[in-house]
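**Q** My questions all concern the structure below.
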Amino acid sequence: DTGVSQDPRHKITKRGQNVTFRCDPISEHNRLYWYRQTLGQGPEFLTYFQNEAQLEKSRLLSDRFSAERPKGSFSTLEIQRTEQGDSAMYLCASSLADTGRGKNIQYFGAGTRLSVL
Amino acid sequence: KQEVTQIPAALSVPEGENLVLNCSFTDSAIYNLQWFRQDPGKGLTSLLLIQSSQREQTSGRLNASLDKSSGRSTLYIAASQPGDSATYLCAVRANFNKFYFGSGTKLNVKP
């Protein structure tokens, strides 16, 4: 396994269109995270899955955003009716669940850069 | 809400210098702190992770320290090289599954 994969790497779309991104985590990792990163800022947490269950969502995740992880493996992040403010890098990370206060090291993909025109 | 601040925002040094990057956080109730490296247009690469019970971690030329009570961490890079040029981000794990990132320090090491 070569790490976390994200597809596509770049997406250019017109305002109002729907877009979907895919993340394939490291195969044995049961936790999967989505982040959004804008220029000059650190990543901001969007949502998190443990196996197929979406356990936490940020207030940043408006009704236009939906994420799924149907079989507990890959995940998709869909943005409906895109707006120019959605332009950002969308990062996916995966990790192994720990017990209590364990390491939970996150491994990141290369990201999908979204440009909304 | 946990807030993470990194100072300086940018740093330019000549090759060979030792340097220190700073990270501060507002809520000391953290599980761990992680330092990452990000190259332009790329994802994040984990460098070091310090558990809340630890004071420091070392990997090669990198040394990270953690003072949880004062809400501070430093990343020390010894004998810097041009290949170290990147943005360095720190992130705190503030509850079971949520991570908060700083805005990063953009490092340029000049040959």
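The values are calculated or read from the model by the stated rules, or taken from the named source; none is laboratory data. Computed from a predicted model, the values in this text were never measured in an experiment. Heads up, the Cβs are rebuilt from the backbone with ideal geometry, glycines too, and the neighbour counts pull from every protein chain shown.
Results for (1) in contact with a helix residue (DSSP H, G or I) (Cβ under 7 Å, 6 or more places away or on another chain); (2) more than 29 Å from A:Ala97 (Cα to Cα), shown as yes or no for each residue.
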| residue | (1), (2) |
| --- | --- |
| B:Glu3 | no, no |
| B:Val13 | no, yes |
| B:Asp27 | no, no |
| B:Asn32 | no, no |
| B:Leu66 | no, no |
| B:Ser69 | no, no |
| B:Ile77 | yes, yes |
| B:Ser80 | no, yes |
| B:Cys90 | no, no |
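**Q** Residues being among the hydrophobic types (A, V, I, L, M, F, W, C), within 12 Å of chain A (Cβ to nearest Cβ) and either within 23 Å of A:Leu39 (Cα to Cα) or part of a loop (DSSP other than H, G, I, E, B) (or both): count how many of those fall in the stretch B:50-102. Outline the logic, then answer.
**A** Initially, the stretch B:50-102 is screened for residues among the hydrophobic types (A, V, I, L, M, F, W, C), giving B:50, B:62, B:64, B:66, B:75, B:77-79, B:86, B:89-92, B:94, B:96, B:99, B:101.
Applying the additional criterion that residues be within 12 Å of chain A (Cβ to nearest Cβ) yields B:50, B:89-92, B:94, B:96, B:99, B:101.
Next cut, either within 23 Å of A:Leu39 (Cα to Cα) or part of a loop (DSSP other than H, G, I, E, B) (or both) only: B:89-92, B:94, B:96, B:99, B:101.
So the count comes out to 8.
**Q** Let me ask something else. Restricting to the stretch A:13-59, name every residue that is of a type in the set (A, V, I, L, M), more than 11 Å from chain B (Cβ to nearest Cβ) and loosely packed, with under 13 Cβ neighbours inside 10 Å.
**A** Hit for the stretch A:13-59 is A:Ala53, nothing else.
**Q** Could I ask something else about it? Which of the residues belonging to the stretch B:66-100 are closer than 19 Å to A:Phe45 by Cα and in contact with a Pro (Cβ under 9 Å, 6 or more places away or on another chain)? Reasoning before the result, please.
**A** So the first thing to find is which residues in the stretch B:66-100 are closer than 19 Å to A:Phe45 by Cα, and the list is B:87-100.
Within the stretch B:66-100, B:Thr87, B:Leu89, B:Ala91, B:Phe99 qualify.
**Q** A:Thr82 - would you say it is more than 8 Å from chain B (Cβ to nearest Cβ), at pLDDT 95 or above and closer than 27 Å to B:Leu49 by Cα?
**A** In short, no.
**Q** Can you tell me which condition B:Ile7 does not meet? The list is (1) of a type in the set (A, V, I, L, M, F, W, C); (2) farther than 16 Å from A:Gln41 by Cα; (3) in contact (Cβ under 8 Å) with a residue 60 or more places away in the chain, and all the others hold.
**A** The number of the failed condition is (2).
Results for (1) in contact with a strand residue (DSSP E or B) (Cβ under 9 Å, 6 or more places away or on another chain); (2) within 19 Å of A:Glu83 (Cα to Cα); (3) modelled with pLDDT under 95, shown as yes or no for each residue.
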site: A:Arg15; (1), (2), (3): yes, yes, no
site: A:Val19; (1), (2), (3): yes, yes, no
site: A:Asp24; (1), (2), (3): yes, no, no
site: A:Leu46; (1), (2), (3): yes, yes, yes
site: A:Leu61; (1), (2), (3): yes, yes, yes
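**Q** Oh, and also: Can you pull out every residue in the stretch A:3-12 that is assigned to a loop (DSSP other than H, G, I, E, B) and away from chain B (no Cβ under 13 Å)? Break it down into steps so the answer makes sense when it comes.
**A** If we filter the stretch A:3-12 for residues that are assigned to a loop (DSSP other than H, G, I, E, B), which is where we start, we get A:3-4, A:8-9.
Result: A:Pro8, single match.
**Q** Among what's in the stretch B:33-44 and is surrounded by 14 or more Cβ atoms within 10 Å (Cβ to Cβ) and at pLDDT 90 or above, pick the residue that is nearest to the other protein chains (Cβ to nearest Cβ).
**A** B:Leu44
**Q** Turning to a different aspect of this structure: How about the stretch A:60-90: which of its residues are surrounded by 17 or more Cβ atoms within 10 Å (Cβ to Cβ), in contact (Cβ under 8 Å) with a residue 40 or more places away in the chain and within 15 Å of A:Leu32 (Cβ to Cβ)?
**A** Once the filter is applied, which keeps residues that are surrounded by 17 or more Cβ atoms within 10 Å (Cβ to Cβ), in contact (Cβ under 8 Å) with a residue 40 or more places away in the chain and within 15 Å of A:Leu32 (Cβ to Cβ), the stretch A:60-90 yields A:Ser75, A:Leu77, A:Tyr90.
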